[in-house]
Amino acid sequence: MMDTLVSLCKRRGFIFQSSEIYGGLNSCWDYGPLGVELKNNIKRFWWRSMTQLRDDIVGLDAAILMHPAVWVASGHVEQFTDPLVDCRSCGTRVRGDEAAEGKCPRCGSREITAPRQFNLMFKTFMGPVEEEGAIVYLRPETAQGIYVNFLNVLTPSRRKVPFGIAQIGKAFRNEISPGNFIFRTREFEQMEMQFFVRPGTDGEWLERWKAERLAWYAELGLRPERLRLHRHPNKELAHYAKDAYDIEYEFPFGWKELEGIHNRTDYDLSRHGRHAGKDLSYFDGETGERYIPFIIETSAGVDRTLLTCLVDAYREEEVRGEKRVVLRLHPRIAPMKAGVFPLVKRDGLPELARRVEHLLRPRMTVFYDESGSIGRRYRRQDEAGTPFGVTVDSQTLADGTVTVRDRDTMAQERVKIDDLPALLERRLSGS
Ligand code: ATP
């Protein structure tokens, strides 16, 4: 199934391997015309639900490069490591947990080295000198940009605790074993929200965010039976966490994390306060209390969510003895909302279909196609996940109606051109 999906993504212009003409760059991927639309739609849907629809979260877009002291304070320089083991027989290099029972996962040899701690942060140099003092890191998470801007955001946005800061941006991790297509890559994008709360209310807010986030994935169109929450056992808690959950999805390669929801306590603001020598406490004007807020974090991957949407939407169906491949993406995130087709390439139908296309363009993404049989054109859009097919035929000339075909039911109905934009918009918004 994963191979089929990877090839569909390449064939239809969702995702390509980075620098493919040079043989590709391991674990880096480029998003093509359909992929970038899907990705933007996912990001927009997250951003809208986090910021526009709430009055207690504001946005931020921090730089990827940050002061190197940030990563000392955050604990990343010391602790953001994975154990690395080498197989002495075949030279394979894997993460410690992948060499189960001391065996190489590739050749089965027990000749493996003791684990060494490998830091996952990418290092580079700032300015023209390549020396120790000029080292900066590509951020391995977007969250730190939020913590260090806590006061900058608090004051001008006139927020009161509890409130949150949301951010979408690139993150980089020098993963030892990337893989499963875009599931684990070395360059990826995160959608993170850090919610600042009064100590003592953190448990309650964690519960609220667990429920909110799980509901978000269902709204994204994912099958609820393939989603679950998994609590981190105490011994696996990250150095900053008091309590942590993952939202997991059942991929063809097993249940895997989609998003982390963590109670980070006052770890981050306390550490940055100490290391930067700044007071990052919050004064509550109503109660007269001063405290360092606790943070509930929701941390999701854009690319991983996109992969999940594709995996969840992919169907092979039999229609009148023929196989049809369809991506049942939620219309909200589908890259193209409508295909517009003249039934035949004559009798003025292409010109009329172009008029319909231009009527829809300002309101939604549209794909115009006049080549091949109408059945093939429908199939092409099914594979791209386009929810509606609009066909102009000879009857259109007579009465100004077109047919609207539904991707999932394949049912067709006749609609007046004048009513078409409003009808499609209503269906796209789910009403
Ligand atoms: P793992 O244990 O799988 O390495 P993690 O627990 O370190 O992941 P977090 O630091 O909680 O992951 O990251 C939050 C989210 O960012 C993840 O749920 C995932 O969606 C995304 N993410 C993290 N690492 C990667 C990666 N290498 N490639 C793609 N997405 C990633």
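Quick rundown of the values:
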{"item": "Residues located in segment 250-288, provided they are under 23 Å from Asn180 (Cβ atoms) and either in contact with a helix residue (DSSP H, G or I) (Cβ under 7 Å, 6 or more places away or on another chain) or open to solvent by 40 Å² or more (accessible area, probe 1.4 Å) (or both)", "result": "Glu250, Phe251, Pro252, Phe253, Trp255, Lys256, Glu257, Leu258, Glu259, Ile261"}
{"item": "Residue ranges of strands (runs of 3 or more DSSP E) in segment 23-102 with at least 2 members in contact (Cβ under 8 Å) with a residue 60 or more places away in the chain and surrounded by 14 or more Cβ atoms within 10 Å (Cβ to Cβ)", "result": "57-59, 81-86, 93-95"}
{"item": "Matching residues in segment 360-376 - criterion: being open to solvent by 90 Å² or more (accessible area, probe 1.4 Å) and under 20 Å from Gly321 (Cβ atoms)", "result": "Arg376"}
{"item": "Which listed residue is under 34 Å from the mean Cα position of the chain (by Cα) and of a type outside the set (Lys, Arg), from Glu413, Glu351, Glu425", "result": "Glu425"}
{"item": "Selection count, segment 161-190, where residues are away from the ligand (no atom under 16 Å from the Cβ) and open to solvent by 30 Å² or more (accessible area, probe 1.4 Å)", "result": "1"}
{"item": "Val390 vs. criteria among the β-branched types (Val, Ile, Thr) and more than 33 Å from the chain's Cα centre (by Cα)", "result": "no"}
{"item": "Checking Val392 against (1) touching a strand residue (DSSP E or B) at 6+ places or on another chain (Cβ under 6 Å); (2) under 14 Å from Val326 (Cβ atoms), the condition it does not meet", "result": "(2)"}
{"item": "Selection within segment 307-340 - open to solvent by 10 Å² or more (accessible area, probe 1.4 Å) and part of a strand (DSSP E or B)", "result": "Tyr314, Arg315, Glu316, Glu317, Glu318, Val319, Glu322, Lys323, Val325"}
{"item": "Test for Phe14: is it within 29 Å of Ala215 (Cα to Cα) and buried (at least 16 other Cβ atoms within 10 Å of the Cβ)", "result": "yes"}
{"item": "Filter result for Arg304 (open to solvent by 10 Å² or more (accessible area, probe 1.4 Å) and under 30 Å from Leu8 (Cβ atoms))", "result": "yes"}
{"item": "Some residue of segment 315-331 being within 16 Å of the ligand (Cβ to nearest atom) and either under 21 Å from Val36 (Cα atoms) or assigned by TED's automatic domain parsing to the domain that holds Pro162 (or both)", "result": "no"}
{"item": "Some residue of segment 143-160 being in contact with a Phe, Trp or Tyr (Cβ under 9 Å, 6 or more places away or on another chain), within 15 Å of the ligand (Cβ to nearest atom) and either assigned by TED's automatic domain parsing to the domain that holds Trp29 or touching a residue at least 24 places away in the same chain (Cβ under 8 Å) (or both)", "result": "yes"}
{"item": "Some residue of segment 191-213 being in the same structural domain as Ser281 (by TED's automatic domain parsing), within 16 Å of the ligand (Cβ to nearest atom), part of a strand (DSSP E or B) and out of contact with any helix residue (DSSP H, G or I) (no Cβ under 8 Å at 6 or more places or on another chain)", "result": "no"}
{"item": "Positions within segment 377-431 being closer than 18 Å to Ile333 by Cβ, open to solvent by 70 Å² or more (accessible area, probe 1.4 Å) and polar (S, T, N, Q), in sequence order", "result": "Ser429, Ser431"}
{"item": "Among (1) touching a strand residue (DSSP E or B) at 6+ places or on another chain (Cβ under 7 Å); (2) more than 16 Å from the ligand (Cβ to nearest atom); (3) not assigned by TED's automatic domain parsing to the domain that holds Tyr378, the one test that Glu357 misses", "result": "(3)"}
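The values are calculated or read from the model by the stated rules, or taken from the named source; none is laboratory data. Values in this document were obtained by computation on a predicted structure and should not be read as measured data. Because the Cβ atoms are built from the backbone with ideal geometry, glycine has one as well, and the counts that use them run over all protein chains shown. Keep in mind that these areas ignore ligands, DNA and RNA; they rest on the heavy atoms of the full protein, side chains included. Shrake-Rupley method; radii C 1.70, N 1.55, O 1.52, S 1.80 Å.
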